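So the structure is just underneath, and the comments pick up after that.
Every number here is computed from the coordinates shown, using simple stated rules; none is lab data. A quick note: this is a predicted structure, and the numbers were derived from the prediction, not measured. Please note: Cβ atoms are built from the backbone with ideal geometry, for glycine as well, and neighbour counts cover all protein chains shown.
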Amino acid sequence: MKYLRYLFFIVLSALSWMASAQLQVQYLTLDETIAIAKKQSPDALTAQHRYRSSYWQYRNYKAGFLPTLTLDGTLPSLSRSIEKISTPEGDFFYDRNLASYAAGLSLTKNLGLTGGQLFLNSNLERLDLFSDSTIKSYLSSPLNIGIRQPLFNYNPYRWAKRIEPLRYNEAERRYLEEVEQLSLKAIHLFFTLLDAQINLRIQQLNLANNDTLYQIARGRYNIGTIAENELLQIELALLNSQSRVESANFNVEIRMFDFKSYLRLPEDVSIRLVEPSAPETPVVDAQIAIAEARENRADALAFERQLIEAESAVNRQKSENRFNANLYAIYGLTQSSSDLPGAYRNPQEQQRLVLGVQIPILDWGLTRGKIKMAESDRELVRTDIQQRMIDFDQEIFLKVMGLNMQRSQLIIAAKSDTVAVKRYEVTKQRYLIGKIGILDLNMAQSEKDNAQLGYVRELSSYWTSFYELRQLTLYDFVKKRKITFNVSEIPDLD
């Protein structure tokens, strides 16, 4: 039965090796993994779509201040009815049968400074009356210039000029933060797979060592230098090693699937990860990190934007619930004729001026209540932002302290790994010459495995802390510069 288990394990390992041999092996570093994630991971595409939406929203805002040219037309409007006409002689009904046609070209421009609208237009109308004979009439307005201007109302354009650029800059920084976030996910998947691959190599090495020790122990048992109990203990360690190799191999396959799925890599590629070194990050000064975060991070702009929006809401309530006036003025030329050329011959002046007012007299405190509510909301926003700024600075400070501490932890883990490997080799040699027992050897092996995996996990924690600080500050502490991106790298922004 024992030999059948060995045979089964050998066949399983051979099949696994043959399957791996058929796959194309690709070696990836951590930097390459992050670069691939930024280019083609689902989170990268989502971040691009979200930024693209903000980009076009900002483009639409700027386009709203550019002149707009519009062509309107009615071709035709037909009407046939019986209508009542009152005359000094009395009322009577008559058949009305007509067709009207109209075309107009208008150029409008929003005025951001005043909140009004300036316009130029040109119109032409034709009226056909159908009776015993068709009567045609033309009315032209070759050129009209006018303005629509609220005098005391809320001016949305003025506030938009303060809010929309902040919103767009916030979207740019939010995109950078999302890119750093997907880098963090790529780092997590990288080190999860690397941990599994290193663990598999450790277990395979332990299996080979335990098999060698078992063969030596059998020889010693046959000549009577060790007891059967020790031989059985070594055999049990060999069987446990076989089980751990199978579990480790299965874990690698699971982690490999997650890794390739996120990076959208081909299924016929077997990934081998290259263990990275620690980033050459200098000791980070917390005050510098906080200053960079306040200048670069999206939340810093969001705080400013939210305060302006709260002020805008107060201004809206004060403006819309008090004395208001609207001015409409137009000056132009017009003419009518029974033929088209005559409609443009010797045009006459036309002028129009309308001033409308709205004066609240009695609203039972409704206006005052709305203003007080808006002011209360503004103070609530201000108080919330003040607290969030404190939390903002505290978060950066703790991340800096964590990163600086992680550096020393990584150094200790590297030394522990070196010492544990050396101790295991020494313990193994002492066991082979019979100076110590199998329990000491097993303990040294376990400490070696834990130290190797511990170093990789500390390395993962260090890289994670490093990129978390990058995300929170949008600052590269290795290259000592702000993190930026090129808009031209994002498709569909032309």
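Points worth noting:
- Sequence-distant aspartates and glutamates (8 or more away, or on other chains) whose Cα lies within less than 14 Å of residue 38: 177, 178, 180, 489
- Cα shape, segment 300-376, gyration tensor, a/c 1.5 rule: oblate
- Those aspartates and glutamates that a straight Cα-Cα span of less than 17 Å connects to residue 448, excepting residues fewer than 8 apart in one chain: 195, 417, 425, 440, 458
- Point-to-point label distance, residue 486-residue 235, nm (Cα→Cβ direction, 7 Å offset): 6.7
- Taken about its Cα centre, segment 23-66 carries a charge dipole of about 380 debye when Lys and Arg each add +1 at the Cβ and Asp and Glu each add -1 at the Cβ.
- Rounded to the nearest 20 debye, the dipole magnitude of the chain is 720 debye, with +1 charges on Lys and Arg beta carbons, -1 on Asp and Glu beta carbons, and the Cα centre as origin.
- Put in line by how crowded their Cβ is, counting other Cβ atoms within 10 Å and starting with the fewest, 477, 92 read 92, 477.
- FRET efficiency for residue 225 and residue 250, using Cβ-Cβ distance with R0 set to 30 Å, rounded to 0.05: 0.20
- Under the membrane-span-like helix rule (DSSP H runs whose alpha carbons stretch at least 18 Å along the helix axis, mean Kyte-Doolittle hydropathy 0.5 or higher), the chain yields 2-22.
- Mean residue ellipticity (222 nm) of the chain, computed from DSSP H runs ≥ 4 via -39,500 (n - 2.57), nearest 500: -21500 deg cm²/dmol
- For residue 370, the aspartates and glutamates whose Cα comes closer than 20 Å to its Cα, not counting residues fewer than 8 places off in the same chain, are 309, 311, 320, 379.
- 463, 56, 159, 364 arranged by Cβ crowding within 10 Å, fewest neighbours leading: 364, 56, 159, 463
- Among 405, 443, the order by Cβ neighbours within 10 angstrom, fewest to most, reads 405, 443.
- Label separation (residue 371 vs residue 422): 8.0 nm, computed from points 7 Å beyond Cα along the C-beta direction.
- Those chymotrypsin sites (Phe, Trp or Tyr not before Pro) in segment 174-277 that DSSP places in a loop and that have at most 11 other beta carbons within 10 Å: none
- Estimated dipole of segment 59-186 in Debye, rounded to 20 [Cβ of Lys and Arg +1, of Asp and Glu -1, Cα centre]: 700
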